[in-house]
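The structure under discussion appears below in the form of structure tokens.
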Amino acid sequence: MENENIIRLSVFLGLLILFSALEFLIPRRVMPGSKPKRVAANLSLVVIDSIAVKILLPMTAGIFAVYVADQEIALLGFQTPVLIAIILLDLIIYWQHRIFHVVPAFWRLHKVHHSDNAIDTSTALRFHPVEIVLSMLIKFAAILLFGIPVMAIVIFEILLNATALFNHSNIKVPFDNILRLFIVTPDMHRVHHSVIVGETNSNYGFNVPWWDRIFGSYVAQPQQGHQNMKIGLSQYEGGETSLLKLLLMPFKAK
Ligand SMILES: [Zn+2]
């Protein structure tokens with residue numbers, strides 16, 4: 001478990017630096033707004049999220065998976081094989097994301113992520129701590145229900161971290177049309193951050209791109225094109241970069 005934390009942190013920091021460098025070298029689109037302020041707010045949120053999870057939850061998902069396996073208390077009655085468990089977790093997170101867009105109380109939390117008026121690799125870190133804690137509880141429920149093995153949790157969490165950093169990045173990726181058959185690409189996920197509501201409510205996938213195609217939420221390209229499309233939410237047109245305002249956003253009327 002100690003090794004797991006070191007591996008996760010190394011992958012996270014390594015990819016954050018790599019994608020930030022590629023955004024500088026081969027950017028996909030011109031970035032509007034104040035980049036240092038945005039990035040500082042997004043980085044602050046990921047630090048607060050990590051602390052909130054540590055304080056509010058008694059154990060990590062990995063330790064809970066070991067406990068469920070040891071005690072043989074999975075409600076399904078057996079452990080799901082690792083590969084199937086990873087795909088199952090990805091399907092669960094797709095529907096979780098979709099539900100967070102539809103149920104008003106959950107949207108209040110998730111709109112913090114969408115209130116960024118630009119999208120780059122730092123946007124992948126921009127989540128309200130309550131949304132992160134709820135996501136963890138959903139993962140705990142999946143572990144208890146389906147007996148998700150600890151190896152699947154470790155692989156999935158590293159994978160999700162890596163793909164989220166990648167698909168939010170502002171990098172010019174070659175062969176997008178082929179790549180997006182296997183993985184959610186930045187061009188595909190950028191549609192999800194459009195101010196146009198029909199586009200915000202599309203392309204919910206994080207890892208594999210198939211769920212959007214299967215469940216009818218796939219939009220191939222933004223109406224306005226990648227260079228001209230507006231990012232964010234119409235009610236937060238200037239983007240929100242104050243950490244305090246971001247933390248209070250779900251509890252405000254707007
Ligand atoms: Zn979303």
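Name the single residue that is surrounded by the fewest Cβ atoms within 10 Å (Cβ to Cβ) among those in segment 196-211 being touching a residue at least 40 places away in the same chain (Cβ under 8 Å) and more than 11 Å from the ligand (Cβ to nearest atom).
Among those that are touching a residue at least 40 places away in the same chain (Cβ under 8 Å) and more than 11 Å from the ligand (Cβ to nearest atom), it is Val208.
How many residues does segment 222-232 hold that are more than 30 Å from Ile158 (Cβ to Cβ) and surrounded by 12 or more Cβ atoms within 10 Å (Cβ to Cβ)?
Count: 4.
Tell me, which helices (runs of 4 or more DSSP H) lie completely within segment 1-71 with 2 or more residues that are closer than 17 Å to Val133 by Cα?
The helices (runs of 4 or more DSSP H) meeting that bar are 35-56, 61-71.
For segment 124-154, name all the residues that are without any contact (Cβ under 8 Å) to a residue 60 or more places away in the chain and of a type outside the set (A, V, I, L, M, F, W, C).
Residues satisfying the conditions are Glu131, Ser135.
Which one is surrounded by the fewest Cβ atoms within 10 Å (Cβ to Cβ), of the residues in segment 157-178 that are among the small types (Gly, Ala, Ser) and closer than 18 Å to Val191 by Cα?
The residue in question is Ala164.
What single numbered condition from (1) surrounded by 13 or more Cβ atoms within 10 Å (Cβ to Cβ); (2) at pLDDT below 90; (3) closer than 17 Å to Ile171 by Cα fails to hold for Arg28?
Status for Arg28: all satisfied but (2).
Which of the residues that make up segment 79-135 are within 25 Å of Asn228 (Cα to Cα), of a type in the set (Val, Ile, Thr) and not in a helix (DSSP H, G or I)?
Ile119
Kindly indicate which of Val53, Val68 is hydrophobic (A, V, I, L, M, F, W, C) and closer than 10 Å to Ile148 by Cα.
Criteria check complete, one pass: Val68.
Taking segment 213-234, which residues are within 22 Å of the chain's Cα centre (by Cα), assigned to a helix (DSSP H, G or I) and closer than 17 Å to Ile119 by Cα?
The answer is His226, Ser234.
Before we move on, is Gln96 modelled with pLDDT under 90, surrounded by 14 or more Cβ atoms within 10 Å (Cβ to Cβ) and either away from the ligand (no atom under 16 Å from the Cβ) or not acidic (Asp, Glu) (or both)?
No: the conditions fail for Gln96.
Within segment 171-184, does at least one residue satisfy the condition of being among the β-branched types (Val, Ile, Thr), in a helix (DSSP H, G or I), within 14 Å of the ligand (Cβ to nearest atom) and over 20 Å from Asn42 (Cβ atoms)?
Checked segment 171-184: no residue is among the β-branched types (Val, Ile, Thr), in a helix (DSSP H, G or I), within 14 Å of the ligand (Cβ to nearest atom) and over 20 Å from Asn42 (Cβ atoms).
The values are calculated or read from the model by the stated rules, or taken from the named source; none is laboratory data. Just so you know, these numbers come straight off a predicted model, no measurement behind them. Heads up, the Cβs are rebuilt from the backbone with ideal geometry, glycines too, and the neighbour counts pull from every protein chain shown.
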